[in-house]
1. Cβ-Cβ under 7 Å, sequence separation 6+ or interchain: first residue in the range 4-15 and under 14 Å from Thr160 (Cβ atoms), partner part of a loop (DSSP other than H, G, I, E, B). Which pairs?
2. Give the range 1-21 a look and list any residue that's among the hydrophobic types (A, V, I, L, M, F, W, C) and away from the ligand (no atom under 16 Å from the Cβ), or say none.
3. Does the range 51-59 contain any residue that is aliphatic (A, V, I, L, M) and within 14 Å of the ligand (Cβ to nearest atom)?
4. If you check Arg187 against the conditions, is it of a type outside the set (A, V, I, L, M), more than 16 Å from the chain's Cα centre (by Cα), modelled with pLDDT under 95 and loosely packed, with under 14 Cβ neighbours inside 10 Å?
5. Do we find a residue being over 30 Å from Asn48 (Cβ atoms) and touching a residue at least 12 places away in the same chain (Cβ under 8 Å) anywhere in the range 90-99?
6. Yes or no: the range 22-33 includes at least one residue that is in contact with a Lys or Arg (Cβ under 9 Å, 6 or more places away or on another chain), modelled with pLDDT of 95 or more, away from the ligand (no atom under 15 Å from the Cβ) and not in a loop (DSSP other than H, G, I, E, B).
7. If I ask for residues that are surrounded by 12 or more Cβ atoms within 10 Å (Cβ to Cβ) and in contact with a helix residue (DSSP H, G or I) (Cβ under 9 Å, 6 or more places away or on another chain), which ones from the range 46-59 would you list?
8. Condition first: within 23 Å of Ala172 (Cβ to Cβ) and in contact with a Ser or Thr (Cβ under 6 Å, 6 or more places away or on another chain). Can you find one or more residues in the range 92-99 that meet it?
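The values are calculated or read from the model by the stated rules, or taken from the named source; none is laboratory data. The structure displayed is predicted, hence computed values, not measured ones. Cβ placement follows ideal geometry from the backbone for every residue including glycine, while neighbour counts extend to all protein chains displayed.
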Amino acid sequence: MTVVLGITGGIATGKSTVSEIFQSHNIPVIDADQIAREIMMPNSLALNQIKKVFGSEVFCSNGELDRQKLGQIIFYSQEKRQQLNHITGPLIRKIILSRREEYLKEKVPVLVLDIPLLYESNYLAYVDLTLVVYVPKELQLKRLMERDGITKEEAMRKITSQMPIEKKKELADIVVNNEYDKAELVRRVETIISKLLQK
Ligand code: ATP
């Protein structure tokens, strides 16, 4: 039987880095962020709905979505962020669940769902275990500022717009503390992979 593991965490706590470690061990990963990009192809249903709600100012002259502009809008408005999630959330869910079904048919031993909004968007019914990639808030802030080249204020705003990482930690079946170096992270995740493959 397949063990479906839901990976989540806060912004820039290391979810993608952890998912890559699973992938490097030939464990399939369904990545919600990647699907979010896939559904926003030119002429897609998602883009048409985004145009209706946000207007043509969030599009470049070649018809592609201006992600930076849209990002700025939802960064400053919780209401707009919710509107966007309302458009993309159900489309992303449909693809995640159909890919999940395919992998279950293939009887893979372990399947990872990498979903930033795992707890907030009610995916618990579709996973057997949840794993939260945790770092203390100060380090989360530092890594986010460095990765995205943003100010402390911008980074704080992004972090505080999310469910607190401490709360996610409480909800998790497995917590991976990612405050050490990447080699240590690999060791920790590999220990988890070995245990999952023994189940
Ligand atoms: P997002 O929420 O934006 O999708 P994420 O949770 O997937 O982010 P990553 O992109 O994996 O996070 O990691 C965030 C940043 O922290 C990246 O620049 C990554 O290289 C760095 N990072 C991750 N783990 C470590 C570590 N153990 N030591 C140092 N840097 C790390």
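1. As it stands, the answer is Gly10/Gln162; Ile11/Gln162, since those pairs meet every condition given.
2. Step one: of the range 1-21, the residues among the hydrophobic types (A, V, I, L, M, F, W, C) are 1, 3-5, 7, 11-12, 18, 21.
Those that are among the hydrophobic types (A, V, I, L, M, F, W, C) and away from the ligand (no atom under 16 Å from the Cβ): Met1, Val3, Val4.
3. There is no residue in the range 51-59 that is aliphatic (A, V, I, L, M) and within 14 Å of the ligand (Cβ to nearest atom).
4. Considered against the rule, which asks whether it is of a type outside the set (A, V, I, L, M), more than 16 Å from the chain's Cα centre (by Cα), modelled with pLDDT under 95 and loosely packed, with under 14 Cβ neighbours inside 10 Å, Arg187 comes out as no.
5. Just the residues of the range 90-99 that are over 30 Å from Asn48 (Cβ atoms), to begin with: none.
No, the range 90-99 contains no residue that is over 30 Å from Asn48 (Cβ atoms) and touching a residue at least 12 places away in the same chain (Cβ under 8 Å).
6. no
7. Pass one, the range 46-59, residues surrounded by 12 or more Cβ atoms within 10 Å (Cβ to Cβ): 46-47, 49-51, 53-54, 58-59.
Result: Ala46, Gln49, Ile50, Lys51, Val53, Phe54, Val58, Phe59.
8. no
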